[in-house]
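Have a look at the structure below, then the notes.
The values are calculated or read from the model by the stated rules, or taken from the named source; none is laboratory data. Everything numeric here is computed off the predicted structure, so don't read it as measured data. Ideal geometry is used to build each Cβ from the backbone, glycine not excepted, and the neighbour counts take in all protein chains shown. The accessibility values were calculated without ligands, DNA or RNA, using every heavy atom of the protein model including side chains. Shrake-Rupley method; radii C 1.70, N 1.55, O 1.52, S 1.80 Å.
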Amino acid sequence: MFSFLGVPVDAAYHVVSGFTGILTPVLGGLAAVAAIIALTMAVRLLLVPLSLRALRGQLVQARLAPQLQALRQRYGRQPERLQREMSALYRREGTSLFAGFTPLLLQWPFLSVMYLLFRSPQVGGTPNTLLSHDLLGVPLGMHWLSGAGPASLQGAVFLGVFALLAGLCWLSARLGRLMAAQATGASAAPAGGAGLLVRALPYLTVVIAAFAPLAAGIYLVTSLAWSLAERRLYWKRLDRSQHRPRNPQPEVPSGAAQLP
């Protein structure tokens, strides 16, 4: 475990453990799973301002991509002139090169704490008792390729988690392409090998879950589902604002006299 994250991981551990104890009389064996989901959603809720800033920055970057490409083609052999022109473009648009990246970077410590909590066998020098709970008979600390193996009932639980993750990854990637295409007015999918890489990258989460404990897989499903819902709601709000008339005409009552 990263030493500088030890204290927040310990704090998160006590929160989840306490919440598990509260939920156990109601949910029984599913209390720990519910506590993982609840804490993940609570953290993602706190990070909403950063997530929205990142989404806005990513859409601005997608919208400016054709102009940036044109500048690179025009001033590719003049690095200093290219930098000045790009900086001027960002200033005119009221954004920066790192507008979509910096908010994501600021979220990293919080999300890392969550992930480390649900994959670490020990927290604060003592066993992570959260991993001794189970989901449908599968311990939360178990890995996909351990125990009875991938072809067992336990393996089926993991495969269900992987299927959920893959579906969420596909929906998230599709929504991202639609949002980028709307921002640029053209298809955002690159061609050739770059296009294959872009389409494959979202599924890296499934690969991570395949080598992580079940508890970390549940966290990844919850976090990815939250991100997808967040992006979807933001896109719908953005779409409504773009189609809303700027100067709507007041309605004329049906019985009102018409001016000549």
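Name every residue in the stretch 91-101 that is assigned to a helix (DSSP H, G or I) and either farther than 23 Å from ALA180 by Cα or in contact (Cβ under 8 Å) with a residue 24 or more places away in the chain (or both), in order of residue number.
Listed by number, the list holds a single entry, GLU93.
Here's the yes/no breakdown for (1) aliphatic (A, V, I, L, M); (2) modelled with pLDDT of 80 or more:
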position	(1), (2)
ARG53	no, yes
GLN61	no, no
GLN67	no, yes
PRO79	no, yes
GLN83	no, yes
ALA88	yes, yes
GLY94	no, no
ALA99	yes, no
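Of the residues MET41, MET114, which is under 30 Å from GLY160 (Cβ atoms), modelled with pLDDT under 85, among the aliphatic types (A, V, I, L, M) and touching a helix residue (DSSP H, G or I) at 6+ places or on another chain (Cβ under 9 Å)?
Numbers: MET41 fails: modelled with pLDDT under 85.
Matching residue, one of MET41, MET114: MET114.
Could you list, in sequence order, all residues of the stretch 72-87 that are open to solvent by less than 60 Å² (accessible area, probe 1.4 Å) and within 31 Å of the chain's Cα centre (by Cα)?
The initial filter retains those residues of the stretch 72-87 that are open to solvent by less than 60 Å² (accessible area, probe 1.4 Å), namely 75-76, 82, 85-87.
Residues satisfying the conditions are MET86, SER87.
Yes or no: the stretch 106-121 includes at least one residue that is on the phi < 0 side of the Ramachandran plot, surrounded by 12 or more Cβ atoms within 10 Å (Cβ to Cβ), outside any helix (DSSP H, G or I) and among the basic types (Lys, Arg). Give the steps one after another, and end with the answer.
Initially, the stretch 106-121 is screened for residues on the phi < 0 side of the Ramachandran plot, giving 106-121.
From what is left, the residues that are surrounded by 12 or more Cβ atoms within 10 Å (Cβ to Cβ) are 106-107, 109-120.
Restricting the remaining residues to those that are outside any helix (DSSP H, G or I) gives 118-120.
Narrowing the set further to residues that are among the basic types (Lys, Arg) leaves 119.
Yes, the stretch 106-121 has at least one match.
Can you name the residue in the stretch 37-56 that is open to solvent by less than 80 Å² (accessible area, probe 1.4 Å) and touching a Ser or Thr at 6+ places or on another chain (Cβ under 7 Å) and, of all such residues, is nearest to ALA229 (Cα to Cα)?
Result: ARG44.
Of these, ALA38, ALA32, ALA54, ALA12, which one is touching a His at 6+ places or on another chain (Cβ under 6 Å) and assigned to a helix (DSSP H, G or I)?
On the way: ALA38 fails: touching a His at 6+ places or on another chain (Cβ under 6 Å); ALA54 fails: touching a His at 6+ places or on another chain (Cβ under 6 Å); ALA12 fails: touching a His at 6+ places or on another chain (Cβ under 6 Å).
Result of the check over ALA38, ALA32, ALA54, ALA12: ALA32.
Could you tell me which residue of the stretch 122-135 is surrounded by the fewest Cβ atoms within 10 Å (Cβ to Cβ), considering only residues that are modelled with pLDDT of 85 or more and part of a loop (DSSP other than H, G, I, E, B)?
Across the stretch 122-135, the extreme among qualifying residues is HIS133.
Hey, could you check the stretch 141-158 for residues that are among the aliphatic types (A, V, I, L, M) and at pLDDT below 75 and say which is nearest to VAL123 (Cα to Cα)? Give the derivation first.
Going residue by residue through the stretch 141-158, those that are among the aliphatic types (A, V, I, L, M) are 142, 145, 148, 151, 153, 156-157.
Of the ones still in play, those that are also at pLDDT below 75 are 148, 151.
Working: ALA148: 26, ALA151: 31 Å.
Residue satisfying both the conditions and the ranking: ALA148.
Working carefully through the options THR20, THR102, find the one that is polar (S, T, N, Q) and over 23 Å from GLY124 (Cα atoms). Steps first, please.
Numbers: THR20 fails: over 23 Å from GLY124 (Cα atoms).
Just a single option satisfies the conditions, and that option is THR102.
Going residue by residue through the stretch 57-67, is there one that turns out to be among the charged types (D, E, K, R), in a helix (DSSP H, G or I) and open to solvent by less than 40 Å² (accessible area, probe 1.4 Å)?
Looking through the stretch 57-67, none of the residues is among the charged types (D, E, K, R), in a helix (DSSP H, G or I) and open to solvent by less than 40 Å² (accessible area, probe 1.4 Å).
Quick one: is ILE218 β-branched (Val, Ile, Thr), assigned to a helix (DSSP H, G or I) and at pLDDT 90 or above? Give the derivation first.
Working: β-branched (Val, Ile, Thr): yes; assigned to a helix (DSSP H, G or I): yes; at pLDDT 90 or above: yes.
Criteria met by ILE218.
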